[in-house]
Amino acid sequence: YLANASRLGLAVHAVGGGPTWTQAPLRYLGSKLVAVVADYNARVRPWERLDGVQLDIEPYALPGFFDDERHSLLAYLETLRGIVGTWRRAAHRLELGFAVPFWFDGRGGSPGPVPFRGATKPAIHHVIDLLRDHRRAYLVVMSYRNVADGADGSIAHARDEFAYARSVGAACGLVVGQQFGDVQPPEVTFHGLDRGDFERAAARIVEAFGRSPRFRGLAVDDLDAFRAVWQRDAAA
């Protein structure tokens with residue numbers, strides 16, 4: 001698979017994560033994934049290598065996350081710090097990415113600033129700080145809305161991350177994530193909408209952030225659902 005992808009000019013990242021990966025007994029798993037990919041790459045031919053590792057952990061899916069937000073966010077940030085440390089020591093040739101919800105910026109009633117490494121900031125700012133000196137690192141900001149404009153659109157929800165990254169001179173990249181899965185509430189996903197709806201939103205996102213040196217494009221969460229929209233509209 002990787003050799004075929006390489007011949008087609010595609011980059012492939014290993015993806016892993018789970019809501020429990022921030023809990024102390026399982027906190028090693030993110031670092032282990034990075035180390036396993038680095039070890040694999042060292043043993044195969046160049047065109048069979050993975051290009052990076054992306055972690056999608058999402059501890060807020062567990063009951064109790066919001067009962068003690070500060071403790072939950074500190075566990076999350078310590079987990080990411082361990083992963084970044086392993087990557088810097090053993091796998092810095094890989095790209096490293098984290099999928100992070102836009103509301104980790106502390107706005108609109110979301111979890112507020114948390115003290116970490118001597119500074120009190122929104123969680124997503126701490127994550128940018130962990131990666132900001134490295135061009136091979138990136139965040140997928142899960143800015144899940146099916147419209148780009150307006151106070152509740154994808155652009156507004158990703159703007160704080162771009163502004164903070166610019167303010168600290170971050171070298172890491174930012175990817176604007178979009179949702180295609182069959183999930184609720186309906187305003188967070190393009191599921192059931194037309195191809196044109198996504199294309200118009202994507203064009204507006206690129207217009208908003210495309211001049212930023214940190215903009216690394218868009219991501220979709222469900223390739224099968226994404227392709228289904230293209231195939232359905234092509235058939236029509």
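List of remarks:
- Scanning the range 124-172 for residues that are outside any loop (DSSP other than H, G, I, E, B), more than 11 Å from the chain's Cα centre (by Cα) and hydroxyl-bearing (S, T, Y) turns up S154, Y164, S167.
- The condition (being at pLDDT 95 or above, part of a strand (DSSP E or B) and not polar (S, T, N, Q)) is satisfied by just one residue among V206, V175: V175.
- Check on A35, touching a residue at least 24 places away in the same chain (Cβ under 8 Å) and open to solvent by 50 Å² or more (accessible area, probe 1.4 Å): no
- Residue check for P63: modelled with pLDDT under 95 and open to solvent by less than 30 Å² (accessible area, probe 1.4 Å): no
- Hits in the range 89-109 (condition: at pLDDT below 95 and either closer than 21 Å to L26 by Cβ or surrounded by fewer than 17 Cβ atoms within 10 Å (Cβ to Cβ) (or both)): R89, A90, A91, H92, R93, R107, G108, G109
- The residues in the range 38-59 that are open to solvent by less than 60 Å² (accessible area, probe 1.4 Å), farther than 20 Å from L8 by Cβ and among the aliphatic types (A, V, I, L, M) can be counted, and the count is 4.
- The set of residues in the range 180-203 being outside any helix (DSSP H, G or I), touching a residue at least 40 places away in the same chain (Cβ under 8 Å) and open to solvent by 20 Å² or more (accessible area, probe 1.4 Å) consists of D182, L193.
- Residues within the range 209-236 that are polar (S, T, N, Q) and either assigned to a helix (DSSP H, G or I) or free of Cβ contacts under 8 Å to residues at least 24 places away in the same chain (or both), tallied: 1
- Flag if A151 is without any contact (Cβ under 8 Å) to a residue 12 or more places away in the chain and more than 21 Å from G196 (Cα to Cα): yes
- Contact annotation: residue pairs with Cβ atoms under 7 Å, 6 or more positions apart or on different chains, pairing a residue in the range 79-103 that is closer than 21 Å to R216 by Cα with a partner that is among the polar types (S, T, N, Q), are G97/Q54; A99/Q54; F102/S143; W103/S110.
The values are calculated or read from the model by the stated rules, or taken from the named source; none is laboratory data. Owing to the predicted nature of the structure, the values given are computational and were not obtained by experimental measurement. Every residue, glycine among them, receives a Cβ derived from its backbone with ideal geometry; neighbour counts consider all protein chains shown. Quick note on the areas: whole protein, heavy atoms, side chains included, nothing else; ligands and nucleic acids left out. Shrake-Rupley method; radii C 1.70, N 1.55, O 1.52, S 1.80 Å.
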